[in-house]
């Protein structure tokens with residue numbers, strides 16, 4: 001029995017870490033029974049809209065902001081929903097399981113390239129990563145699916161298989177940012193190898209493949225050229241530093257501070273991998289990808305904070321291989337230090353995991369689900385803060401809903417929203433007349449009352465509003481036109 005355990009020790013450790021990963025990523029589902037993050041409502045809205053367009057070869061009628069979402073994920077979910085999988089599973093246990101599937105796939109690739117122990121250590125690094133969990137907590141569905149396709153495409157490319165092409169295409173179709181990383185990574189690889197490998201027939205074959213893929217992408221996206229390519233590309237070129245939006249993600253400093261062990265292992269492993277025989281610098285796709293991400297972060301290009309998620313993900317490979325190399329050095333003092341550091345990082349990772357709580361609770365979500373009982377079928381419903389607006393959108397996709405922030409309805413600026421909440425009766429009436437819709441309702445929430453305090457009650461006492469009993473709605477009873 002003891003010899004059997006020793007013989008299969010790596011497998012037992014891998015299974016143990018996978019169990020830890022499942023516990024970590026399913027914790028929120030069992031404790032809260034409500035998705036974490038800001039995005040669940042937006043995803044539910046998109047799942048519904050695309051599923052209704054089955055087979056999804058044409059874009060559904062979407063809100064303007066939703067038209068900018070790549071549709072790879074929604075093509076896949078449309079078929080699965082039509083096959084009978086409940087839509088809300090993609091916001092529940094399927095989503096909670098997906099990061100574990102992604103890490104296991106990554107670990108298998110590392111196992112193929114670097115051996116069993118490196119694959120197991122990749123799982124450990126994934127468990128320790130704070131950035132990876134934060135991306136999960138914010139429900140970056142498109143990003144995680146795209147990363148899965150990306151690492152598979154990298155692996156097929158290493159095997160010189162044309163199966164790389166469909167997975168590279170799926171990467172780009174699933175998430176613009178990760179697709180950009182993939183495209184830039186292949187472009188840098190090609191430029192580095194061009195001077196020395198141009199006479200190589202294999203290199204020429206890949207050059208032709210890249211050219212064909214670029215042409216196919218051009219034809220595919222031509223109808224959506226401004227939205228899908230030119231607008232994002234122009235933003236990357238023109239918006240830098242203070243002018244560039246950082247993206248809804250903590251800063252790189254936050255992750256380096258709280259995840260220093262993982263980051264330093266990854267950075268050290270990446271530097272160590274560049275020089276294999278200590279005389280010749282060798283560069284592969286896995287090394288180029290984190291460098292591309294680092295450029296966006298260092299030079300503060302568009303959504304630079306979000307690029308840390310992909311940077312952290314690509315550095316997991318090098319953190320695992322470096323940890324393996326240091327452990328094999330048989331310096332027992334260094335091993336003891338590594339064990340202590342990993343334990344400390346594990347504590348910090350769990351601590352940062354526990355800081356996440358749902359932005360909306362189950363009771364409030366139940367109230368939204370009951371709204372059709374209180375309103376007309378042609379009702380317009382506006383949330384009074386942007387968090388509730390997202391959930392309203394997702395759970396009532398057949399109604400015309402809106403709210404502050406990215407929503408196009410109502411098309412009020414931030415100062416106009418301030419006047420609506422804090423202003424006089426006449427100012428509110430004027431703003432409501434500007435949207436000229438009927439019947440019109442506004443939805444309150446716990447966050448609305450918490451944020452606006454005493455002003456919330458003053459707002460609700462406006463003679464234009466009438467409380468809808470049994471719900472969180474107020475109905476506009478003034479004549480708007």
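The values are calculated or read from the model by the stated rules, or taken from the named source; none is laboratory data. Every value quoted in this text rests on a predicted model; they were computed, and no experiment measured them. Note that we place each Cβ from the backbone using ideal geometry, even for glycine, and neighbour counts take in every protein chain shown.
Which of the residues spanning the range 153-163 are surrounded by 17 or more Cβ atoms within 10 Å (Cβ to Cβ) and either touching a residue at least 40 places away in the same chain (Cβ under 8 Å) or outside the structural domain of residue 286 (by TED's automatic domain parsing) (or both)?
Correct list: 154, 155, 157.
Which ranges mark the helices (runs of 4 or more DSSP H) fully within the range 192-286 that have 3 or more residues being modelled with pLDDT of 80 or more and within 30 Å of residue 127 (Cα to Cα)?
On the way: elements: 201-221, 231-238, 252-258, 260-274.
Per the criteria, 252-258, 260-274.
Listed here are the residues, each with its yes/no results for (1) free of Cβ contacts under 8 Å to residues at least 24 places away in the same chain; (2) farther than 17 Å from residue 410 by Cα; (3) not in a loop (DSSP other than H, G, I, E, B).
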position: 442; (1), (2), (3): no, no, yes
position: 447; (1), (2), (3): no, yes, yes
position: 451; (1), (2), (3): no, yes, yes
position: 457; (1), (2), (3): yes, yes, yes
position: 462; (1), (2), (3): no, yes, no
position: 466; (1), (2), (3): yes, yes, yes
position: 469; (1), (2), (3): yes, yes, no
position: 475; (1), (2), (3): no, no, yes
position: 479; (1), (2), (3): yes, yes, no
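Any idea how many residues of the range 423-450 are over 20 Å from residue 471 (Cβ atoms) and out of contact with any helix residue (DSSP H, G or I) (no Cβ under 6 Å at 6 or more places or on another chain)? Lay out the reasoning, then the answer.
The first filter runs over the range 423-450 and keeps only residues over 20 Å from residue 471 (Cβ atoms), leaving 423-431, 433-436.
Right, trim to out of contact with any helix residue (DSSP H, G or I) (no Cβ under 6 Å at 6 or more places or on another chain) and you get 423-426, 429-430, 433-436.
Here the count works out to 10.
Sort out which residues of the range 325-344 are part of a loop (DSSP other than H, G, I, E, B) and surrounded by 12 or more Cβ atoms within 10 Å (Cβ to Cβ), and write them in order of number. Outline the logic, then answer.
To start, the set of residues in the range 325-344 that are part of a loop (DSSP other than H, G, I, E, B) comprises 328-331.
Listed by number, the list holds a single entry, 331.
Of all residues being touching a helix residue (DSSP H, G or I) at 6+ places or on another chain (Cβ under 7 Å) and assigned to a helix (DSSP H, G or I) in the range 345-365, which is surrounded by the most Cβ atoms within 10 Å (Cβ to Cβ)? Just the residue, please.
Among those that are touching a helix residue (DSSP H, G or I) at 6+ places or on another chain (Cβ under 7 Å) and assigned to a helix (DSSP H, G or I), it is 345.
Residues checked against (1) out of contact with any strand residue (DSSP E or B) (no Cβ under 8 Å at 6 or more places or on another chain); (2) assigned to a strand (DSSP E or B); (3) not assigned by TED's automatic domain parsing to the domain that holds residue 459:
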residue: 367; (1), (2), (3): yes, no, no
residue: 371; (1), (2), (3): no, no, no
residue: 376; (1), (2), (3): yes, no, no
residue: 382; (1), (2), (3): no, yes, no
residue: 387; (1), (2), (3): yes, no, no
residue: 410; (1), (2), (3): no, no, no
residue: 421; (1), (2), (3): yes, no, no
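Looking at residue 291, is it closer than 20 Å to residue 185 by Cβ, surrounded by fewer than 18 Cβ atoms within 10 Å (Cβ to Cβ) and modelled with pLDDT of 90 or more?
The answer is yes for residue 291.
Which residues, counting only those in the range 165-202, are surrounded by fewer than 15 Cβ atoms within 10 Å (Cβ to Cβ) and free of Cβ contacts under 8 Å to residues at least 60 places away in the same chain? Don't jump to the end; show me each part of the working.
Going residue by residue through the range 165-202, those that are surrounded by fewer than 15 Cβ atoms within 10 Å (Cβ to Cβ) are 166, 187, 190-192, 194-196, 198-202.
Hits for the range 165-202 are 166, 187, 190, 191, 194, 195, 196, 198, 199, 200, 201, 202.
Can you find a residue in the range 325-338 that is without any contact (Cβ under 8 Å) to a residue 24 or more places away in the chain, under 29 Å from the mean Cα position of the chain (by Cα) and farther than 21 Å from residue 104 by Cα?
No, that holds for no residue.
Scan the range 423-437 for residues that are surrounded by 14 or more Cβ atoms within 10 Å (Cβ to Cβ), assigned to a loop (DSSP other than H, G, I, E, B) and in contact (Cβ under 8 Å) with a residue 40 or more places away in the chain and jot them down.
If the condition is that a residue be surrounded by 14 or more Cβ atoms within 10 Å (Cβ to Cβ), assigned to a loop (DSSP other than H, G, I, E, B) and in contact (Cβ under 8 Å) with a residue 40 or more places away in the chain, then 437 is the only one that fits.
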